[in-house]
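Structure first, commentary second.
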Amino acid sequence: MKFSLRSLLSQGLSGHRGWGPQWRSPEPRAEYDVIIVGAGGHGLATAYYLAAEHGVRNVAVLEKGWLGGGNTGRNTTIIRSNYLWDESAAIYEHALKLWEGLSQALNYNVMYSPRGVMMLAHGVHDEQVFKRHVHANRLNGIDNEWLTPEEAKEFCPPLNISRDVRYPITGAALQRRGGTARHDAVAWGYARGASARGVDIIQNCEVTAITRDAGGAVTGVETTRGRIGAKRIGVVAAGHTSVLMGMAGVRMPLESYPLQALVSEPVKPVFPCVVMSNTIHAYISQSDKGELVIGAGTDAYTSYSQAGGLHIAAHTLDAICEMFPMFRRMRMLRNWGGIVDVTPDRSPIIGKTPVPGLFVNCGWGTGGFKATPGSGHVFAATIARGEPHPIAAPFTLERFTTGRLIDEAAAAAVAH
């Protein structure tokens, strides 16, 4: 793996132009070929691939806050592609393959770690569901395998496989190529790569209106830093898509929920993989800084809150302590919530809208981080060519009128 000296040094210099929250934004020009709304992982990846693969360099990425300060900075960094349906498996496997070479492609260490993602079964129903996943994944050429409780403990020694607990472990599905990456490094790497190719990344620039001509096509946006023109606009703003699309008169089939997570005090390396449990809805890994990263579920109510209900986190910690008794004395440092957009079938929307020149990428729910490279790659192709990338084609907005849904609501198991 090769990195330039400048690349290695820059990752600790968040105030330098080109990486980190203090990116010094250029003044926006009056006109661009493409505007991307949202400087999170997906938006920055889209801009990077527009410039790197399609030669579209006159691009502005507009962000109302700071680079990577939304859901990209509030996720639990899990990467996997073991989804059930063919369409989902294709987009997430496409992303996983890009993850595997992303540090080299960007010349920026995104800290991708294929440590394995293990999904626990706690009864006959779970076993049947996960074995179905294993077989479906293998038919799609995706690695996944079934483990006995003893094999699961061998892979993850801290795991409690006692039979006298509330949710005894009866087996597990393991994707060895799954793992984690560093969330903010992904945003910075794509930002630096896009900027080096001529893309303007403009922070503290909130979109207040989407302008259209007499025929209904987009002509640009009004922002807190003035009007910016473009004939193609891509909206990639998790948690706020409905508000932005409403500016163009487009109603979206989305609901927004808080999704919670916690991290512990840092300790020496003790946890070797990612473990997830759908039955008790808890998952855990260890970051490179030593923190235990613990994920919980979404709240039961719609909200734009970035906190969420305390009872959700308390239930998750109870479950983690039962599955891994050695963590009962660990102290939690902080908890937080991201805002996830959820579609009726729990699958994303990627593609054109009824408004000419307006494209949207949204509705990833809890699966957004793992899809980052694949999402940006296919969305960039869709914007550049004006027609859906083959992998993105099933995820059109029109599926909610035709009924051709991709129902990953339960099929995704723990949907993170």
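Just to be sure before I move on: is T279 closer than 28 Å to R115 by Cβ, buried (at least 18 other Cβ atoms within 10 Å of the Cβ) and of a type outside the set (A, V, I, L, M) in the structure I sent? Even if it seems obvious, please write down each step before you answer.
On the way: closer than 28 Å to R115 by Cβ: yes; buried (at least 18 other Cβ atoms within 10 Å of the Cβ): no; of a type outside the set (A, V, I, L, M): yes.
Here the answer is no, as T279 does not meet what is asked.
Please find, within region 232-262, the residue that is surrounded by the most Cβ atoms within 10 Å (Cβ to Cβ) out of those that are in contact (Cβ under 8 Å) with a residue 60 or more places away in the chain and among the charged types (D, E, K, R). The qualifying residue surrounded by the most Cβ atoms within 10 Å (Cβ to Cβ) is R232.
When you scan region 213-223, do you find a residue that is in contact with a Leu (Cβ under 8 Å, 6 or more places away or on another chain), farther than 30 Å from W66 by Cα and surrounded by 20 or more Cβ atoms within 10 Å (Cβ to Cβ), even just one? Checking region 213-223: not a single residue is in contact with a Leu (Cβ under 8 Å, 6 or more places away or on another chain), farther than 30 Å from W66 by Cα and surrounded by 20 or more Cβ atoms within 10 Å (Cβ to Cβ). Among the conditions (1) open to solvent by 50 Å² or more (accessible area, probe 1.4 Å); (2) within 30 Å of I35 (Cα to Cα); (3) aliphatic (A, V, I, L, M), L139 misses just one, which is (2). Mind checking whether some residue in region 125-133 is over 25 Å from the mean Cα position of the chain (by Cα), in a strand (DSSP E or B) and within 18 Å of V275 (Cβ to Cβ)? No, the conditions are met nowhere in region 125-133.
Close Cβ contacts (under 7 Å, 6 or more residues apart or on different chains) running from residues in region 373-388 that are free of Cβ contacts under 8 Å to residues at least 60 places away in the same chain to residues that are in a loop (DSSP other than H, G, I, E, B) comprise T382/P388; T382/H389; T382/A392; P388/T396. Exactly one residue out of R328, R346 is without any contact (Cβ under 8 Å) to a residue 24 or more places away in the chain, of a type outside the set (A, V, I, L, M) and either touching a Cys at 6+ places or on another chain (Cβ under 9 Å) or under 22 Å from L120 (Cβ atoms) (or both): that is R328.
Total residues in region 267-303 satisfying the condition of being modelled with pLDDT under 95, farther than 17 Å from R334 by Cβ and out of contact with any strand residue (DSSP E or B) (no Cβ under 6 Å at 6 or more places or on another chain): the figure is 8. Take V293 and tell me if it is more than 30 Å from E27 (Cα to Cα), under 24 Å from the mean Cα position of the chain (by Cα), not charged (D, E, K, R) and not in a loop (DSSP other than H, G, I, E, B). Yes. Scanning region 263-273 for residues that are open to solvent by less than 60 Å² (accessible area, probe 1.4 Å) and part of a strand (DSSP E or B) turns up at least one hit.
Restricting attention to region 182-202, the residues being closer than 18 Å to G70 by Cα and open to solvent by less than 10 Å² (accessible area, probe 1.4 Å) number 8. Looking across region 364-383, the residues that are closer than 16 Å to V235 by Cβ and either aromatic (F, W, Y) or open to solvent by 10 Å² or more (accessible area, probe 1.4 Å) (or both) come down to W364, G368, F379. Do we have any residue at all in region 278-287 that's out of contact with any His (no Cβ under 7 Å at 6 or more places or on another chain), of a type in the set (G, A, S) and farther than 21 Å from G309 by Cα? Within region 278-287 (the criterion being out of contact with any His (no Cβ under 7 Å at 6 or more places or on another chain), of a type in the set (G, A, S) and farther than 21 Å from G309 by Cα), the answer is yes, since at least one residue qualifies. Within region 108-122, the set of residues being open to solvent by 20 Å² or more (accessible area, probe 1.4 Å) and at positive phi comprises just one member, M111. When each of A95, A152, A89, A105 is tested for being more than 21 Å from P348 (Cβ to Cβ), assigned to a helix (DSSP H, G or I) and open to solvent by less than 10 Å² (accessible area, probe 1.4 Å), the lone residue that passes is A152.
Number of residues in region 330-354 that are assigned to a loop (DSSP other than H, G, I, E, B), under 25 Å from A217 (Cβ atoms) and open to solvent by 20 Å² or more (accessible area, probe 1.4 Å) equals 1. Only one of the numbered conditions (1) at negative phi; (2) touching an Asp or Glu at 6+ places or on another chain (Cβ under 8 Å) is violated by L358, and that is (2). Scanning region 37-76 for residues that are β-branched (V, I, T), open to solvent by less than 20 Å² (accessible area, probe 1.4 Å) and within 17 Å of the chain's Cα centre (by Cα) turns up V37, T46, T76.
Residues in region 113-132: is at least one of a type in the set (A, V, I, L, M, F, W, C), touching a residue at least 12 places away in the same chain (Cβ under 8 Å) and closer than 30 Å to G69 by Cβ?
Initially, region 113-132 is screened for residues of a type in the set (A, V, I, L, M, F, W, C), giving 117-121, 124, 129-130.
This time we only want the ones that are touching a residue at least 12 places away in the same chain (Cβ under 8 Å), so: 117-121, 124, 129-130.
From what is left, the residues that are closer than 30 Å to G69 by Cβ are 117.
Yes, region 113-132 contains at least one residue that is of a type in the set (A, V, I, L, M, F, W, C), touching a residue at least 12 places away in the same chain (Cβ under 8 Å) and closer than 30 Å to G69 by Cβ.
The values are calculated or read from the model by the stated rules, or taken from the named source; none is laboratory data. Note that the structure is predicted; figures quoted are calculated from it, not measured. Please note: Cβ atoms are built from the backbone with ideal geometry, for glycine as well, and neighbour counts cover all protein chains shown. Accessible surface areas use protein heavy atoms only, side chains included; no ligands, DNA or RNA. Shrake-Rupley method; radii C 1.70, N 1.55, O 1.52, S 1.80 Å.
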